[in-house]
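Below: one structure, written as structure tokens.
Each reported figure results from applying straightforward, stated rules to the coordinates on display, with no laboratory input. All of these numbers come straight from a predicted model, not from anything done at the bench. Reconstructed Cβ throughout: ideal geometry from the backbone, glycine too, with neighbour counts over all protein chains shown.
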Amino acid sequence: MFRKHVLISVEVIILKDVSIQVRTLRGSRLIFWLLRGPFLSRVSAAFRSFFSLLFSGVLPEDVALAFGFTKVKPVPVATPVVEPPKIKTSDGALQMLSILQRDSRLIDFLMEDIAGFADDQIGAAVRTLHSDCKATLARHVTLVPVIDGVEGTFQELDAAKASDPNRIKLIGNVPATGKVAGGTLRHRGWKAATVELPAPGKQDLAIIAPAELEVD
């Protein structure tokens with residue numbers, strides 16, 4: 001039934017157009033109109049619709065769209081891609097320096113000329129600095145030893161392969177191959193197990209500490 005209705009609708013549209021032109025045109029003008037593209041394209045659409053419905057049960061998509069037998073699909077609107085802010089490798093280091101300056105004024109101490117101070121004065125300042133820096137570091141970074149052993153004791157290594165120079169630095173009589181059975185632990189090393197720094201805001205990370213002006 002649906003196929004019949006669609007075929008009739010298409011035929012009516014074509015025949016209606018032809019009947020209008022026959023009533024208004026005569027002679028060579030009518031023949032010229034029949035040979036023009038619009039009429040021939042309608043005839044072609046009718047034949048294609050007939051055979052498409054006969055064999056596949058559906059109208060050609062362009063014919064159905066042209067004669068209003070289908071809804072126009074809305075064009076999907078592309079969602080703009082918001083790129084995350086680019087983080088440079090120096091950002092974390094600058095953040096850490098800024099935090100150490102804020103909590104313990106480490107940069108002020110390191111940039112100060114301490115040559116004119118007595119040792120006891122420097123020692124007193126370093127004691128407070130050490131305590132503040134250690135507390136700040138513990139809040140943001142969890143440090144663990146690379147080799148969890150007792151310094152001064154012998155530590156075994158895999159003699160079949162060279163140790164990773166990023167993890168273990170060999171000192172003393174090191175063979176050219178870098179393969180050793182072990183050695184005396186002089187420093188346990190440190191590695192960061194976790195790092196928790198605050199998300200960078202809109203501030204310029206290159207400003208480690210802002211200048212301070214006292215207004216009278």
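Taking a Cβ cut-off of under 12 Å around Leu170, the surrounding Lys, Arg, Asp and Glu residues balance to a net charge of +3, with basic ones at +1 and acidic ones at -1.
When Leu143, Leu94, Leu213 are sorted by how many other C-beta atoms sit within 10 angstrom of their C-beta, beginning with the fewest, the order is Leu213, Leu143, Leu94. Local charge for Asp132 was computed over the other residues whose Cβ lies under 13 Å away, with Lys and Arg +1 and Asp and Glu -1, and equals +3. Loop-located GluC sites (Glu not before Pro) in the range 156-216 (DSSP state other than H, G, I, E, B) with a sparse environment of at most 10 neighbouring Cβ atoms within 10 Å: Glu196, Glu212, Glu214.
Among Val81, Val174, sorting on how many other beta-carbon atoms sit within 10 Å of each Cβ, with the fewest leading, yields Val81, Val174. Taking trypsin sites (Lys or Arg not before Pro) across the range 133-216, the ones in a DSSP loop with at most 13 further Cβ atoms lying within 10 angstrom of their Cβ are Lys161, Arg167, Lys169, Arg186, Lys202. Put in line by how crowded their Cβ is, counting other Cβ atoms within 10 Å and starting with the fewest, Phe109, Phe154 read Phe154, Phe109.
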